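Novice: Got a structure here, written out as structure tokens. Questions coming.
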Protein chains: 2
Amino acid sequence: MSDFQKTKSMFHLPDGMIYLDGNSLGPLPKALPDRVGSMLTKEWGDMLITGWNKADWMGQPSRIGDRIGKLIGAPAGSVVMGDTLSIKVYQAVASALELNPNRKVVLSDNGNFPTDLYMVEGLLKSLDKGQELRLANPADVEATLSEDIAVLMLTEVDYRTGCKHDMKALTQKAHALGIVVIWDLAHSAGALEVDLAGCNADFAVGCTYKYLNGGPGAPAFIYVAPKHQDNIRPALSGWMGHESPFAFDLNYKSGAGIERMRVGTPPVIALTALEASLDIWDMVNMADVRAKSIELCDLFIAEVEKRCPTLTLASPRDGVNRGSQISFKFDHAYAAMQALIDNGVIGDFRAPDSMRFGFTPLYIDEADVIGAAVILERVINDKLWDNPTYQTRSRVT
Amino acid sequence: MSDFQKTKSMFHLPDGMIYLDGNSLGPLPKALPDRVGSMLTKEWGDMLITGWNKADWMGQPSRIGDRIGKLIGAPAGSVVMGDTLSIKVYQAVASALELNPNRKVVLSDNGNFPTDLYMVEGLLKSLDKGQELRLANPADVEATLSEDIAVLMLTEVDYRTGCKHDMKALTQKAHALGIVVIWDLAHSAGALEVDLAGCNADFAVGCTYKYLNGGPGAPAFIYVAPKHQDNIRPALSGWMGHESPFAFDLNYKSGAGIERMRVGTPPVIALTALEASLDIWDMVNMADVRAKSIELCDLFIAEVEKRCPTLTLASPRDGVNRGSQISFKFDHAYAAMQALIDNGVIGDFRAPDSMRFGFTPLYIDEADVIGAAVILERVINDKLWDNPTYQTRSRVT
């Protein structure tokens, strides 16, 4: 068995379904329910409060952070888990702004995932210091960098198109202009090689329910470059980030290093699930994952363009400029995606007119790619989408 | 079987252990692992991304919020789940301050749990508008209320002593002075009768891993009085609080009512665990729980004072002035608690010199109370605490 055949065998993949939505929610690792069950009964059940020590629940956020660090080029002690990606964005931007107190602009792009923008909008309204969130088109970010910008906050891979920023070049250019840089790795961690240390990124954040398969609503992570860790003031100064949480001081004193980015009590059950899912990553290396992901995406483009000439590729054609997903535009994309789902191919719709498909070598292979293209051909060319129920079906994700 | 014999039978309680620390981490409901396992395999595993709709994961935060609302006197649509208590404190205080923009003081007491104070400290530093966190002694809060105070933020039950504020009277007095009032129910929800609507509270927050038995790091809740819900601006304006999260607007528009206090993607696994634990609350009513809790606490005081005259009661003697816990002071409290734990009685130590014991009628009965007092008598009177290993043993909680 190849490494990827082995990893595929470790996921629960429902019969008759080709799952191309791992970029939204990764599938269940088969070993995960037993691991969670064991934590519930043997740790919580039998150890009760002593589990914080005996099972080292207290160490989970840093221990798991270090494992994720290995997947994103971050040294030990620079990543910690907790909360949601939205909260981690807030922490990063609040701290980054204080590193650049004389500037008033946060620059992002209009391809960033909306919650990142919303969190900044809310933060700047609270601060009420005349700061501004400025949005460029993704392709214009580099040209828009200037010395009035305090913070550049980008998601490396555009959630709609899969278009990938050049993290290293943009970080370097931004630093030359005195800008602090935050990268959102939601569509990068587990999808492609990330080298936070090599790129000299200041902050990074990400979620773990997509390519890292931690389960719905799995905890987020935050990276802070070691050089900044002891200089930043946590805006969300919770007791778990205190230098001595169990001294019950009345005043906050931030803990050393990355620990100060912890906020409240860690979500032990969710972190246990995530920890189980990370075992699969020990079986592969990210360079192989990336190479295979590009192959699979290239194959999907070729198969779909051959079979469905009415669809328009909305993702970069060259794999090095993409994340691990492919989007096609189609006038009836919403209805077509519903028809696809009913025919066993799970992707998702992104407004206004994109069908989005994620490709993750850990559990997607060439047969899946071709199978999905064949079904897509039938949906498009036989107009299976032209069904009134598909126009009106409600959606959440 | 009485109702409480029935509820006791629904918890996993390790043999040979008397667990008096449910005020820190409640025990495992026996039905919970299967419920979580079923969610993992039948929902996440088989439904994958469609679980957000098909299993109504998206509705969990409000659905569970409504169930908790019933335990704290909050109407449907006024409580929502998510994040941690620290984050919920931040949201409540940030919004409360904006309801009272011309005042500069947040008043709390020095018996409040430190993370509440830390979160306010961090918020006020970020806002940098000359606002101040003022701390009174718990007994002096009422006398300290004045018209320069914007927000009164208190934990109803003191985590060290169990001493209980008069929520209704303090809220009324604060309102008469134009103060917005936030109650932290960490040691109240599931411990005693709370009537948020009847008290006219403006905001309330709480955790679910203590008396609500949701598991280590279980999600928190926030209550916003219906009259405020559509007037507050969420400081943590995440996509799940947007009026239309899947429109992917570039600008934040807050959702209707309590929904705007949602931030990031809900922690589905943790919420599923919590939901399972709440079933037990359907078997009892809070008035019975409260009456029995006072009985158990009274019995413990009587038994300990009879057996251990060197200990000093640190909790109110009159049950109506207490939460559901009893603390005793002792010069060697830390070592004595270690000895107690080694002898099968789990309580906890709170600096500088308190032994703290929680009593929860759902799974603690008279035999447990007397059994614990007998062991405590041996630890104190036979000086089992006088053992060097107990002085130095490391601790987390």
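Novice: Looking at (1) farther than 21 Å from residue A:64 by Cα; (2) within 12 Å of chain B (Cβ to nearest Cβ); (3) modelled with pLDDT of 95 or more, can you tell me which one residue A:249 breaks?
Specialist: Among (1) farther than 21 Å from residue A:64 by Cα; (2) within 12 Å of chain B (Cβ to nearest Cβ); (3) modelled with pLDDT of 95 or more, residue A:249 violates only (3).
Novice: Among what's in the stretch A:336-370 and is part of a strand (DSSP E or B) and touching a residue at least 60 places away in the same chain (Cβ under 8 Å), pick the residue that is farthest from residue B:250 (Cα to Cα).
Specialist: Filtering the stretch A:336-370 for residues that are part of a strand (DSSP E or B) and touching a residue at least 60 places away in the same chain (Cβ under 8 Å), the one farthest from residue B:250 (Cα to Cα) comes out as A:345.
Novice: (1) more than 14 Å from every other protein chain (Cβ to nearest Cβ); (2) under 30 Å from residue A:202 (Cα atoms); (3) surrounded by 18 or more Cβ atoms within 10 Å (Cβ to Cβ): which one isn't true of residue A:7, the others all being true?
Specialist: Residue A:7 satisfies every listed condition except (2).
Listed here are the residues, each with its yes/no results for (1) touching a residue at least 12 places away in the same chain (Cβ under 8 Å); (2) touching a strand residue (DSSP E or B) at 6+ places or on another chain (Cβ under 7 Å); (3) assigned by TED's automatic domain parsing to the domain that holds residue A:68.
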| position | (1), (2), (3) |
| --- | --- |
| A:239 | yes, no, yes |
| A:245 | no, no, yes |
| A:268 | yes, no, yes |
| A:290 | yes, no, no |
| A:313 | yes, yes, no |
| A:319 | yes, no, no |
| A:334 | yes, yes, no |
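Novice: Would you confirm whether or not the stretch A:178-196 contains a residue that is touching a Pro at 6+ places or on another chain (Cβ under 7 Å) and either surrounded by fewer than 21 Cβ atoms within 10 Å (Cβ to Cβ) or in the same structural domain as residue A:67 (by TED's automatic domain parsing) (or both)?
Specialist: The answer is no, given that none of the residues of the stretch A:178-196 is touching a Pro at 6+ places or on another chain (Cβ under 7 Å) and either surrounded by fewer than 21 Cβ atoms within 10 Å (Cβ to Cβ) or in the same structural domain as residue A:67 (by TED's automatic domain parsing) (or both).
Novice: Exactly one condition in (1) farther than 16 Å from residue A:71 by Cβ; (2) surrounded by fewer than 20 Cβ atoms within 10 Å (Cβ to Cβ) is not met by residue A:282; state its number.
Specialist: Unmet for residue A:282, out of (1) farther than 16 Å from residue A:71 by Cβ; (2) surrounded by fewer than 20 Cβ atoms within 10 Å (Cβ to Cβ): (1).
Novice: Among the residues in the stretch B:129-141, are any under 26 Å from residue A:260 (Cα atoms), among the acidic types (Asp, Glu), in a helix (DSSP H, G or I) and within 14 Å of chain A (Cβ to nearest Cβ)?
Specialist: no
Novice: Identify all residues within the stretch B:347-379 that are among the β-branched types (Val, Ile, Thr) and within 17 Å of residue B:162 (Cβ to Cβ); write none if there are none.
Specialist: B:360, B:364, B:369
Quick grid of which residues meet (1) over 15 Å from residue A:181 (Cα atoms); (2) acidic (Asp, Glu); (3) surrounded by fewer than 21 Cβ atoms within 10 Å (Cβ to Cβ):
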position	(1), (2), (3)
A:115	yes, no, no
A:131	yes, no, yes
A:134	no, no, yes
A:139	yes, no, yes
A:143	yes, no, yes
A:148	no, yes, yes
A:157	yes, no, no
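Novice: Would you point out the residue of the stretch A:203-217, among those that are among the aliphatic types (A, V, I, L, M) and within 14 Å of chain B (Cβ to nearest Cβ), that is farthest from residue A:175 (Cα to Cα)?
Specialist: For the stretch A:203-217, the residue satisfying everything is A:212.
Novice: Give the residues of the stretch B:88-117 that are under 25 Å from residue A:262 (Cβ atoms), in a helix (DSSP H, G or I) and not aliphatic (A, V, I, L, M), sorted by residue number.
Specialist: B:88, B:90, B:91, B:95, B:114, B:115, B:116
Novice: Determine, yes or no, whether residue B:120 is within 11 Å of another protein chain (Cβ to nearest Cβ), without any contact (Cβ under 8 Å) to a residue 40 or more places away in the chain and in a helix (DSSP H, G or I).
Specialist: Yes: the conditions hold for residue B:120.
Novice: In the stretch A:299-335, which residues are part of a strand (DSSP E or B) and either among the acidic types (Asp, Glu) or crowded, with 20+ Cβ neighbours inside 10 Å (or both)?
Specialist: Residues satisfying the conditions are A:322, A:325, A:326, A:327, A:328.
Novice: Sticking with this one: Within the stretch A:10-29, which residues are within 22 Å of the chain's Cα centre (by Cα) and facing chain B (nearest Cβ under 7 Å)?
Specialist: Residues satisfying the conditions are A:12, A:19, A:21, A:24, A:25, A:27, A:28.
Novice: Among (1) under 26 Å from residue B:365 (Cα atoms); (2) out of contact with any Leu (no Cβ under 7 Å at 6 or more places or on another chain); (3) outside any helix (DSSP H, G or I), which single condition is residue B:266 missing?
Specialist: Residue B:266 satisfies every listed condition except (1).
Novice: List the residue pairs whose Cβ atoms are under 7 Å apart, where the first residue sits in the stretch B:168-182 and is under 17 Å from residue B:225 (Cα atoms), the second is among the charged types (D, E, K, R) and loosely packed, with under 13 Cβ neighbours inside 10 Å, and the two are 6 or more positions apart or on different chains.
Specialist: What qualifies is B:178/B:147.
Novice: Continuing with the same structure: Would you pick out the residues in the stretch B:39-94 that are at the interface with chain A (Cβ under 7 Å from one of its Cβ atoms) and more than 26 Å from the chain's Cα centre (by Cα)?
Specialist: Hits for the stretch B:39-94 are B:40, B:41, B:44, B:45, B:46, B:48, B:49, B:51, B:52, B:53.
Novice: When the stretch B:218-237 is examined, which residues are found to be surrounded by fewer than 24 Cβ atoms within 10 Å (Cβ to Cβ) and either more than 9 Å from chain A (Cβ to nearest Cβ) or without any contact (Cβ under 8 Å) to a residue 40 or more places away in the chain (or both)?
Specialist: B:225, B:226, B:227, B:228, B:229, B:230, B:231, B:232
Novice: Restrict the check to the stretch A:30-38 and report whether at least one residue is assigned to a loop (DSSP other than H, G, I, E, B), surrounded by fewer than 24 Cβ atoms within 10 Å (Cβ to Cβ) and more than 9 Å from chain B (Cβ to nearest Cβ).
Specialist: So far as the stretch A:30-38 goes, yes, one or more of its residues are assigned to a loop (DSSP other than H, G, I, E, B), surrounded by fewer than 24 Cβ atoms within 10 Å (Cβ to Cβ) and more than 9 Å from chain B (Cβ to nearest Cβ).
The values are calculated or read from the model by the stated rules, or taken from the named source; none is laboratory data. Computed from a predicted structure; not experimentally measured. Glycine gets a Cβ as well: all are built from the backbone with ideal geometry, and neighbour counts include every protein chain shown.
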